[in-house]
Amino acid sequence: MTALDRLAEKLEQVGDVRRDEPMSRHTTFGVGGPADLYVTVRGIDALARAARLATEADAGPFVLGSGSNIVVADGGIRGVVIDNRAREESLDGFRVRIGSGASFAGFARRMCRTGVAGLAWAVGIPGTLGGAVVYNAGAYGGCLADVLQRVRLLDPAGNDEWLDAGALDLTYRGSAFRRGGLADRTVLEAELALAPGDADALLGEANGYDQRRLTAQPRGRNAGSVFTNPPESPAWKLIDSVGLRGEQRGDAAISDLHTNFFVNLGQARASDVLWLVEEAERRVFETHGVRLTREVGFVGAW
């Protein structure tokens, strides 16, 4: 029995395990090779146990939310991918604790329906609460930092603790997780401070954001905005200005509708997506002297 076999047996005690699972089935872009082990967990305790087991075996883990905002390599991901469906929730007045595997958009829309304010801007953001913490997700002038109070994190030694939001170094589409300070921590749950509101007004606001997205953003398989917006200009405008609107490499393309969205036209390969991203970075820098910063993460065995 191999070390991977022994790890798979242990992980079966905490979730559903698959071997050599194609990541293209689990990412919004629809690309990516196999994960050595893919385990689905359905609770905060199971998430923590799976992460501990993977760490002890020196096999990751890579925690997957909804599969948005990432491009997985054609070579897949070595070690353990944890499909995080930890969605427990508790409410104390307008302060809510929620598992990191909960849908951020789904939770935000439900809060609007029940007259709880603070997240109407988030109703169209794909991904989970855990991903929203890591990226300080935001849209239309709002961001998670506005309502996040603290998070519960698991460290590589298997210890968990609550950290105040101020310790996360939350910035525009960034945090200490992305800059390395907390990169080895697993987000287990988050606590948000929301406020009373009017359900009809909040739903009207949310519907307005929905219509703006439908008008401006492409449908189909994509990973969301590829680059953050630099101070000089919106990323889409810079990419458009260097002649890349509609540019295609294999079945990967830069959207005709919004040039900061790259789309899978059918059977795109991760390597083709990366080529387009690097081409956009090169042309924008050569033309404007601006270095684009990736919002989408490129993960796995490149």
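Where a number appears in this text, it was derived from the coordinates with a stated rule and is not lab data. All values reported here derive from a predicted model rather than from experimental measurement. Backbone-built Cβ (ideal geometry, glycine too); neighbour counts: all protein chains shown.
For A3 and D92, FRET efficiency with R0 = 35 Å and r from the beta-carbon atoms, rounded to 0.05?
Plugging the Cβ-Cβ distance into 1/(1 + (r/R0)^6) gives 0.20.
Restricting to the chain, compute how many DSSP beta bridges are antiparallel as a %, nearest 5.
Within the chain, antiparallel bridges account for around 75 percent of the total.
Positive end of the dipole of the chain, charges at C-beta (+1 Lys, Arg; -1 Asp, Glu), about the Cα centre: which of F298, G166, L119 has its Cα farthest in that direction?
L119
Under the rule of at least 5 residues apart or a separate chain, name every residue whose amide H is placed under 5 Å from the amide H of Q149.
For Q149, whose amide H was placed from the backbone, the distant partners under 5 Å are E191, L192, A193.
Calculate, axis by axis, the spread of Cα positions in region 1-145 along the three principal axes, and write the results as whole Å, longest axis first.
Here the Cα extents, ordered largest to smallest, are 55, 32, 21 Å.
In whole angstrom, note down how far apart the Cα centers of region 266-284 and region 45-114 are.
With region 266-284 and region 45-114 each reduced to a Cα centre, they are spaced 27 Å.
Give me the number: length gained by fully extending Q248 to T228, i.e. 0.36 nm times residue separation minus the C-alpha to C-alpha distance, one decimal in nm.
Length gained, Q248 through T228: 5.1 nm.
Can you give the relative contact order of region 3-84 as a percent, counting alpha carbon pairs under 8 Å and 6+ residues apart?
The normalised contact order for region 3-84 reaches 35 percent.
Given the options L168, L64, L188, which has the most mean-square fluctuation in a GNM of the chain, springs set between C-alpha atoms less than 10 angstrom apart?
L168
With N denoting the number of residues in region 143-259, provide Rg(C-alpha) divided by 2.2 N^0.38 Å, to two decimal places.
Dividing the Cα radius of gyration by 2.2 N^0.38 Å gives 1.40.
Amide H of G32 versus every other amide H placed in the peptide plane: which residues, excluding those fewer than 5 positions away on the same chain, fall under 5 Å?
When sequence neighbours closer than 5 places are left aside, the close amide H contacts are S24, A270.
Select from S90, W275, I70 the residue farthest towards the positive end of the dipole of the chain; place +1 on Cβ of Lys and Arg, -1 on Cβ of Asp and Glu, and compute about the Cα centre.
W275
Using the Karplus curve 6.51 cos²θ - 1.76 cosθ + 1.60 with θ = phi - 60°, work out ³J(HN,Hα) for each residue of region 218-232 in order, rounded to whole Hz, and write x for Gly and Pro.
Computed from phi, the couplings for region 218-232 are x, 7, x, 7, 7, 10, x, 4, 7, 10, 6, 7, x, x, 5 Hz.
Report the residue, chosen from G204, G30, G75, that carries the largest GNM mean-square fluctuation when the chain is represented by alpha-carbon nodes joined by springs under 10 Å.
G204
What is the set of long-range amide H partners of E21 at a cut-off below 5 Å, with H atoms built 1.01 Å from backbone N?
Those lying under 5 Å, H to H, from E21 are A35, Y38.
Based on alpha-carbon centroids, what's the gap between region 183-220 and region 126-146 in Å, whole number please?
Distance between centres, Cα-based: 9 Å.
What's the local net charge at W121, with K and R +1, D and E -1, over the other residues with C-beta under 10 Å away?
-2
In the Gaussian network model of the chain, springs joining C-alpha atoms below 10 Å, which of A235, A157, A51 carries the largest mean-square fluctuation?
A157
Using the Kyte-Doolittle scale, which helices in the chain average at least 0.0 and also have C-alpha atoms spread 30 Å or more along the helix axis, with helices defined as whole DSSP H runs?
Span-like helices here: none at all.
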